[in-house]
Amino acid sequence: MPQNIPLKIEELRRKRVECMKSLNRDNKKASMLDRLALWITNKVGSMGFFMLIFLWTVCWLGWNILTPEKARFDPYPAFVLWLFISNMIQLFLLPLIMIGQNLQSQHSEHRAETDLKINELAEMENETILIHLENQNEMMLRILQNLEKQMK
């Protein structure tokens, strides 16, 4: 920006709006599968999901340890069916969580870049304000000098 030529307010606003639009476009361009991966990542990474898995495990193991042998469907100590189901859950959720985390990381990087652009615009606005103030000071000094000349 050339010295002593401030940007117009409309131009500064337009630049700020462009930054915000680019952030909104990033949110909207995610595919249905990406949104599903993000939803799963958010749900699996919650305390509710942990409690669900924990309670399921306690009930499963408790039932198969404490009930009479005829009622057990996954006998102690092997718990083969429980291990199989747990491993299948892990195998399916692990890649989905990684995809969701990658998408969250990309969005976070884009948000940080937009933040940087907005900060740069704020700096330009501050410079514009300072240039206006300097110009006003110069004008006031000239007016005072002219008044002093007229008073003499």
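Before moving on, here are some points about what is shown:
- When the helices of the chain are scored as -39500 (n - 2.57) per DSSP H run of n ≥ 4 and the total is divided over every residue, the value at 222 nm lands at -30000 deg cm²/dmol.
- The calculated FRET efficiency for residue 22 paired with residue 122, based on their beta-carbon distance and R0 = 22 Å, is about 0.85.
- In plain terms, the residue of 19, 59 with the fewest other Cβ atoms within 10 Å comes first and the most crowded comes last, giving 59, 19.
- Rg/Rh ratio calculated on Cα atoms of the chain (Kirkwood radius): 1.46
- For the chain, a simple Cβ point-charge model (Lys and Arg +1, Asp and Glu -1, everything else neutral) yields a dipole of about 460 debye relative to the Cα centre.
- Rounded tilt (10° steps) of 80-151 against the dominant C-alpha axis of the chain: 10 degrees
- Gap separating the Cα centres of the range 21-55 and the range 103-152, nearest whole Å: 41 Å
- Length gained on full extension, residue 67 to residue 143: 17.6 nm, using 0.36 nm per residue less the C-alpha separation.
- Residues 34, 115 in ascending order of nearby Cβ atoms (within 10 Å, fewest first): 115, 34.
- Sorted by Cβ neighbour density within 10 Å, fewest at the top, the residues 124, 98: 98, 124
Read-outs throughout are calculated quantities, based only on the coordinates presented, and are distinct from any laboratory measurement. This one's a predicted model, so the numbers in the text were calculated from it and none came from an experiment. Every residue, glycine among them, receives a Cβ derived from its backbone with ideal geometry; neighbour counts consider all protein chains shown.
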